[in-house]
Amino acid sequence: MDFGMEIGIFLAYGIGFFTVFFFGKLLLAPVRLLARLLFNSLAGAGLIALVNLVGGAFGVGIPLNILNAFIIGILGIPGALMLFLGFFV
C-alpha cells in the first residue's frame with residue numbers, strides 16, 4: 001500500500017463519519033419535538049384526571065380524551081384554563 005491510498009481511506013472514513021453525524025443531528029430535532037409533545041400531552045391527561053378527581057365532588061369535570069390532552073400538551077396551563085372555561089362558562 002502506498003501513502004496516497006492510506007490517505008484516501010482515512011478521508012473516506014472521515015467523510016463517512018461526518019455524514020452520519022450530520023444527518024443524525026439533523027434527524028434528532030423532530031424526535032425531540034415529538035418526545036416533548038408526548039410528555040406534555042401525558043401531563044395534560046394527568047391534569048385533566050386530577051381536575052376530574054377533585055371536581056367530581058362538586059359536579060365539575062372535563063372529558064378525558066386525546067383532543068383535550070393534546071390541547072393542554074401544546075398550550076400548557078393556558079390551554080387547561082381555556083378548556084375549563086370552555087366547559088363551564
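The values are calculated or read from the model by the stated rules, or taken from the named source; none is laboratory data. Since we're looking at a predicted model, the values are computed, not measured. So basically every Cβ, Gly included, is an ideal-geometry build from the backbone, and we count neighbours across all protein chains shown.
Worth pointing out:
- Verdict on MET82 being at pLDDT 85 or above, part of a helix (DSSP H, G or I) and either hydrophobic (A, V, I, L, M, F, W, C) or touching a Leu at 6+ places or on another chain (Cβ under 8 Å) (or both): yes
- Within region 58-70, the residues that satisfy the criterion of being aliphatic (A, V, I, L, M) and at pLDDT below 85 are VAL60, ILE62, LEU64, ILE66, ALA69.
- Restricting LEU26, LEU11 to those that are free of Cβ contacts under 8 Å to residues at least 24 places away in the same chain and surrounded by 10 or more Cβ atoms within 10 Å (Cβ to Cβ) reduces the list to LEU11.
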